[in-house]
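The values are calculated or read from the model by the stated rules, or taken from the named source; none is laboratory data. The shown structure was predicted, so the numbers you read here are calculated from the model rather than taken from an experiment. Neighbour counts run over all protein chains shown; Cβ positions are idealised from the backbone, glycine included. We work out accessible area using only protein heavy atoms, side chains counted, and drop any ligands, DNA or RNA first. Shrake-Rupley method; radii C 1.70, N 1.55, O 1.52, S 1.80 Å.
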Amino acid sequence: MDTNFNKEAFSLELPEDVKFIISKIEENGHSAYAVGGCVRDTLLDKEPQDWDITTSALPTQVKSFFRRTIDTGIEHGTVTVMIDKNGYEVTTYRIDGEYKDGRHPESVEFSVLLTDDLSRRDFTINAMAYNDSEGLVDEYGGIADLNNKLIRCVGVAHDRFTEDALRMMRAIRFSAQLGFDIENETMAAIYDLAPTIKKISMERVHVELGKTLLSDNPEKCLLYSKTGLFKEILPYIDEALTNKHTRRTLAAMKYFPKEYDKDLLLRMRYAILFSSLGSEAATKTLKTLKMDNITIKLVGTLLDASEQDIQETEPSIRESLRHLGRDLFFLTLDFKKALSLAASELTGISNPVKISHYENLKKIATNIINRGDCFSIKELDISGNDLLEFGLSGKDIGKTLEYLLDLCIENPRLNEKSTLLSMIPRD
């Protein structure tokens, strides 16, 4: 990323809704600015996910300026202003009290000074504000750190991380997303305060870890181990990031198809993360992280499936399709291919035979599916009701369907009702 920003020359094109909210607040005698991530992302030529606004107006005053508002966090100064179907968080400048639990301030004091509000934010690149009348407000060197590609805490790093221990993970996550380095004093504070991460809920930990895994620089996950952040709270991931397979594990994360959606990519990258440890470690860890059941099941099943070899024969592939299902079959091949490509990248020794094997398996499986070959009981040209009429009952029906499926796996041409009936064993 080529960054070279000039504070004086910077002009931000605010969305019309944001302009309206800021101007409405200014008309009523108060100041207001777009603040934080939306300013940072615009400087980086990225599309902001949200537009947050900070103001000298009190929450009750903000509510009086607009027709539709929601009290989303009014005790902390936040009101959501609704413009049509879009919501914009408007928060009063504030000074946070003492953070005794490493997560939440004991009190919040409202202020009329923008600098008070910016001083409590985590990193310099997130502590910039903008409005059309004043331009860019950059009290803590955010522009300089963007130019130098640095993640630096606002003020004293030790204080910022003591206030909220999750900020240590956020530093690493932003480093991964932006491809920035972490400034030395900020990094030193992470090493020093790493054990305090245990104060943070696993749900919040997962959000930051997931964003790091989904970034263009997932190898930055190494910092979670090097700094000691995961040593106590996520020991299996800590092991995955310190064992002899770590370099291959992290390299493999970049080799998944671009057509994956975000949810699937995250699940596959979690699977790769545990590729050297297996499904049991993955399942325990993902449950600890409070992950959803779909993710837990897919990652565990994928890790188990990846240990099985598949021969380049149609019966072998149909058998794999039978046990894995179509989607998991192809995901397993993508998983194995990613690890192989990563190994080649690290050793400098290509393995075209293995890569060709995975591609051949894909082609054969695709032909099998397009041809309509039978590889599941529901695709048999015979049903349980047919077997009832034939005179079978109870467990014999299920056993017979499995037997007939075995025959069709070997020879799909047998999948015709009269043929299958003729092949049922008779006592």
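Overview of values
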| item | result |
| --- | --- |
| Options Arg120, Arg152: the member that is open to solvent by 20 Å² or more (accessible area, probe 1.4 Å), over 19 Å from Phe180 (Cβ atoms) and either touching a strand residue (DSSP E or B) at 6+ places or on another chain (Cβ under 8 Å) or modelled with pLDDT of 95 or more (or both) | Arg120 |
| Residue within region 375-396 that is basic (Lys, Arg) and either open to solvent by less than 70 Å² (accessible area, probe 1.4 Å) or touching a residue at least 12 places away in the same chain (Cβ under 8 Å) (or both) present | no |
| In region 281-293, the residues that are open to solvent by 50 Å² or more (accessible area, probe 1.4 Å) and touching a helix residue (DSSP H, G or I) at 6+ places or on another chain (Cβ under 8 Å) | Lys284, Lys287, Thr288, Lys290 |
| Criterion (without any contact (Cβ under 8 Å) to a residue 60 or more places away in the chain and more than 27 Å from Ile294 (Cβ to Cβ)) met by exactly one of Ser320, Ser350, Ser340 | Ser350 |
| Which listed residue is in a helix (DSSP H, G or I) and closer than 24 Å to Lys417 by Cα, from Lys363, Lys354, Lys378 | Lys378 |
| Some residue of region 319-338 being in contact with an Asp or Glu (Cβ under 7 Å, 6 or more places away or on another chain), within 30 Å of Ser422 (Cβ to Cβ) and either modelled with pLDDT under 90 or open to solvent by less than 60 Å² (accessible area, probe 1.4 Å) (or both) | no |
| Some residue of region 398-418 being open to solvent by 40 Å² or more (accessible area, probe 1.4 Å), touching a Pro at 6+ places or on another chain (Cβ under 6 Å) and part of a helix (DSSP H, G or I) | yes |
| Residue that is least open to solvent (accessible area, probe 1.4 Å) [pool: residues in region 201-237 that are under 15 Å from Thr288 (Cα atoms) and over 18 Å from the mean Cα position of the chain (by Cα)] | Ile233 |
| Filter result (open to solvent by less than 10 Å² (accessible area, probe 1.4 Å) and of a type outside the set (Val, Ile, Thr)) within region 190-200 | Ala194 |
| Meets criteria (surrounded by fewer than 17 Cβ atoms within 10 Å (Cβ to Cβ), under 30 Å from Ile182 (Cβ atoms), at pLDDT below 95 and touching a Ser or Thr at 6+ places or on another chain (Cβ under 6 Å)) for Ile70 | no |
| Hits in region 80-99 - residues which are assigned to a strand (DSSP E or B) and under 16 Å from Ala34 (Cβ atoms) | Thr80, Val81, Ile83, Asn86, Gly87, Tyr88, Glu89, Val90, Thr91, Thr92 |
| One residue from Ser393, Ser344 being at pLDDT 90 or above and over 17 Å from Arg318 (Cα atoms) | Ser344 |
| Region 23-53: number of residues that are surrounded by fewer than 20 Cβ atoms within 10 Å (Cβ to Cβ) and either on the phi > 0 side of the Ramachandran plot or of a type in the set (Phe, Trp, Tyr) (or both) | 2 |
| Matching residues, region 295-312, being touching a helix residue (DSSP H, G or I) at 6+ places or on another chain (Cβ under 8 Å), within 18 Å of Leu264 (Cα to Cα) and open to solvent by 60 Å² or more (accessible area, probe 1.4 Å) | Asp304 |
| Of the criteria (1) assigned to a strand (DSSP E or B); (2) touching a residue at least 60 places away in the same chain (Cβ under 8 Å); (3) farther than 21 Å from Glu139 by Cα, which one Asp71 fails | (2) |
| Lone unmet requirement of (1) more than 30 Å from Leu265 (Cβ to Cβ); (2) part of a helix (DSSP H, G or I) for Ile424 | (2) |
| Count of region 349-376 residues which are out of contact with any Lys or Arg (no Cβ under 9 Å at 6 or more places or on another chain) and farther than 26 Å from Leu339 by Cα | 3 |
| Residue list for region 243-295, filter: of a type in the set (A, V, I, L, M, F, W, C), more than 13 Å from the chain's Cα centre (by Cα) and farther than 15 Å from His206 by Cβ | Leu250, Ala251, Ala252, Phe256, Ile272, Leu277, Ala281 |
